[in-house]
Amino acid sequence: MSDVQTPGRLRAAWAALHTPVDGVSRGARTAAAVIPFSVLPASLWRIAGIGFHLPLDGGLHPGHGQVPLWLPMEAYVVILSILSEALAFLAFGLIARWGEVWPRWIPRLRGRRVPISAAVIPAGLGAAILTAMWSWAMLTEAFGKTAQWRPLPPDNPMTLHDWHSALMFAAYVPLVLWGPLLGWLAVAYWRRRRA
C-alpha cells in the first residue's frame, strides 16, 4: 500500500464513522461529538496521575484499590480509559450509517438494517446508568461523602482544598453530561428511525 493511499483510506474511514445520515439534527451531531470529549478529561487525569505517577492527587496515590493483585493499577487505568472512550464513541452510531445498517465486516448481518431496539435499548440503559452514577458521584462529592454516604476519609484526594482537588474535580465533572446526552441521542435516534 502506498503512502498516498493510506491518508485517503483513513479519511474515508473517519467519514464513515462520523458522518451523520440524512435527517440528523445539528443538536444530535453536536451531542454525539461532545460525548467523547466529556469522557476524555477524566481519562487523561487517570492516565497521567496513576499511569504516569504525575503528582495530580496531592501525593495521595490511591494505591491498589479493588483491582486484582495480578493487574497493575497502571494497566487498569489505561484499559479503563480506553474502554470508556470506546463506549463514548458508540454515540456516533446513533447518528451515523453504521448505527442503522450493519457494517460489511459483520458476517451474516452485513448490509441489513439494525433493529431500532438493538440500538435504543442499550443506549437508553447506558444513559440511565451513567446519569444515575455520575449524578450520585457529584452529589456525594458536593456533600463530602463517599458513595455509601459516609464522610470522606482525610487521605481522600477530594478532601484536599488546593489545585489538586480542583483539577480532579474539573476532570470528572464533564462526565455528568455523558448520560443525559446519550439519552437525548437515543430518543432522537428512535424518533428518526420510526419516522
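The values are calculated or read from the model by the stated rules, or taken from the named source; none is laboratory data. Note that the structure is predicted; figures quoted are calculated from it, not measured. Every residue, glycine among them, receives a Cβ derived from its backbone with ideal geometry; neighbour counts consider all protein chains shown. Surface accessibility is based on the protein's heavy atoms, side chains included, excluding ligands, DNA and RNA. Shrake-Rupley method; radii C 1.70, N 1.55, O 1.52, S 1.80 Å.
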Among the listed residues 127, 186, which satisfies the condition of being open to solvent by less than 50 Å² (accessible area, probe 1.4 Å) and without any contact (Cβ under 8 Å) to a residue 60 or more places away in the chain? 127
What number of residues in the stretch 23-39 are open to solvent by 70 Å² or more (accessible area, probe 1.4 Å), farther than 20 Å from residue 194 by Cα and of a type outside the set (S, T, N, Q)? 1
Check on residue 117, open to solvent by 50 Å² or more (accessible area, probe 1.4 Å), under 22 Å from the mean Cα position of the chain (by Cα) and over 17 Å from residue 181 (Cα atoms): yes
Can you tell me which residue among 100, 141 is under 28 Å from residue 192 (Cα atoms), surrounded by 13 or more Cβ atoms within 10 Å (Cβ to Cβ) and either without any contact (Cβ under 8 Å) to a residue 60 or more places away in the chain or not hydrophobic (A, V, I, L, M, F, W, C) (or both)? 100
Here are some residues: 105, 149, 98. Which one is at pLDDT 85 or above and farther than 24 Å from residue 26 by Cα? 149
Going by what's in this entry, would residue 122 be described as surrounded by fewer than 16 Cβ atoms within 10 Å (Cβ to Cβ), assigned to a helix (DSSP H, G or I) and not aliphatic (A, V, I, L, M)? yes
Name every residue in the stretch 70-84 that is loosely packed, with under 14 Cβ neighbours inside 10 Å and at pLDDT 90 or above, in order of residue number. 79, 82, 83
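Any idea which residue in the stretch 1-22 is modelled with the lowest pLDDT, counting only those that are assigned to a loop (DSSP other than H, G, I, E, B) and open to solvent by 70 Å² or more (accessible area, probe 1.4 Å)?
Among those residues, the one meeting the criterion is 1.
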Selection within the stretch 97-111 - within 19 Å of residue 22 (Cβ to Cβ) and part of a loop (DSSP other than H, G, I, E, B): 100, 102, 103, 111
Any residue that is among the hydroxyl-bearing types (Ser, Thr, Tyr), modelled with pLDDT of 80 or more and farther than 26 Å from residue 95 by Cβ - is there at least one of those in the stretch 123-139? no
Just checking, how many residues over the stretch 168-185 are touching a Gly at 6+ places or on another chain (Cβ under 7 Å) and more than 12 Å from residue 34 (Cβ to Cβ)? 1
